Amino acid sequence: MLPTSRGSISLTSKDPLAAPRIDPNYYATELDRTAIRAGVRHVPQVYQETEALKDVIEAETPPEGYPPLRTDSSDEEIDARVRRGNTFFHPGGSCAMDKAVDSVWRLYGVKGLRVVDASVLPTPIAAHYQICTYTLAERAADFIKAIAS
């Protein structure tokens, strides 16, 4: 399942060295919260009940101040833990095609600048971004070479 929540990145000043304001807006939709709760409830079941793991994993070591999660943990308990977390994936879509760049990777409002990386993907993908980015870069390179000739 792909996330339905969308974050944002915005400039904080005209200074190009100033850090942007990044709001990942994780789990902003009820669909995302429902999906993560179901997944979190499944984890204790896997390590407590499967033959492969029940003798290997003794218990969860939760962050300080949080109870261990169980299959019957409340939505509120799960939501509190999820809000404390971060992503370890590579976020994309921060310069989404059609919103910030056109179909030939030109950044709107900036002459001579193209953006060709995972930031132009308008929606998350259910795979690693590497192969998609390679393909995107090859297509962009071919296009740019063709118009330069």
Applying the gyration tensor rule to the Cα atoms of the chain (axes a ≥ b ≥ c; rounded if a/c under 1.5, else prolate if a/b exceeds b/c, else oblate), the class is prolate
Rounded to the nearest 0.05, FRET efficiency between Val110 and Ala80 (Cβ-Cβ, R0 35 Å) equals 0.25
Between the Cα axis of helix 129-148 and the main Cα principal axis of the chain, the angle (0 to 90°, nearest 10) is 0
Computed for the chain: size of charge dipole around the Cα centre, +1 on C-beta of each Lys and Arg, -1 on C-beta of each Asp and Glu, debye to nearest 20, value 920
Any residue on another chain or 5+ positions along whose placed amide H is under 5 Å from the amide H of Arg114 is listed here as Leu107
So, with points 7 Å from each Cα along the Cβ direction, the Ser8-Ala59 label distance in nm works out to 4.4
In nm, the gap between the two label points placed 7 Å beyond Cα toward Cβ at Glu138 and Ala38 is 3.5
As straight-line cross-link partners of Lys14, the qualifying lysines (C-alpha separation under 18 Å, not fewer than 8 residues apart within one chain) are Lys111
With bins of 5 Å, the percent of all Cα-Cα pairs of segment 1-88 per bin from 0 is 2, 12, 18, 17, 15, 13, 8, 6, 4, 3, 1, 0
Taking the alpha-carbon centre of each part, the distance from segment 57-91 to segment 29-43 in Å is 11
Rounded to whole Å, √(5λ) for the Cα gyration tensor eigenvalues of segment 82-149, largest first, gives 26, 15, 8
Rounded to the nearest 500, the 222 nm mean residue ellipticity computed for the chain from DSSP H runs (n ≥ 4, each -39500 (n - 2.57)) alone is -11000 deg cm²/dmol
Once the in-chain neighbours fewer than 8 apart are removed, the aspartates and glutamates whose Cα is under 20 Å from Lys145 read Asp102, Asp117
Placing each pseudo-label 7 Å from Cα in the direction of the beta carbon, Glu30 and Ala96 end up separated by a distance in nanometres of 2.2
Helix 75-84: inclination vs the chain longest Cα principal axis, degrees, rounded to 10, gives 50
Taking Lys and Arg as +1 and Asp and Glu as -1, residues besides Ala35 with C-beta under 14 Å from its C-beta add up to -1
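Read-outs: derived from the displayed coordinates by stated rules, not from any lab. The model shown is predicted, which means the values in this text are computed figures rather than measured ones. Methodologically, a virtual Cβ is constructed for each residue, glycine included, from the backbone with ideal geometry; neighbour enumeration extends over all protein chains shown.
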